[in-house]
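One structure follows; several queries about it will come next.
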């Protein structure tokens, strides 16, 4: 990921689910009841539907980098606030399995 620190900074400053260190868990995400996926050491291209739809759109530069890293198309939909990610690669398929809609 090109700008992992930028994404971590955006998560820490803007994500409602990020609570820092809680319940003895560093980088705790209350939406997952686990550490935030963006702070995991073993995942090069983590994805989070809440982040992609609600937090990432706050930083247009990071949107482009996030899209480029994952080789996905990003577009806005009128009925849904935020972004829709889609691609045929395996990493994006994982994001789609987490509830992100495919671009048709």
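Taking the Cα-to-Cβ direction at residue 42 and at residue 12 and moving 7 Å from each Cα, how far apart do the two end points lie in nm?
2.4
What is the packing order of peptides 14-24, 43-53, taking the mean over residues of other C-beta atoms within 10 Å and listing the highest first?
Details: 14-24: 13.2, 43-53: 18.2.
Most protected by this proxy first, the peptides run 43-53, 14-24.
Quick note: the coordinates plus some simple rules give every number you see, no bench work behind them. On a predicted model such as this, the values are computed, not experimentally measured, just so you know. Note that we place each Cβ from the backbone using ideal geometry, even for glycine, and neighbour counts take in every protein chain shown.
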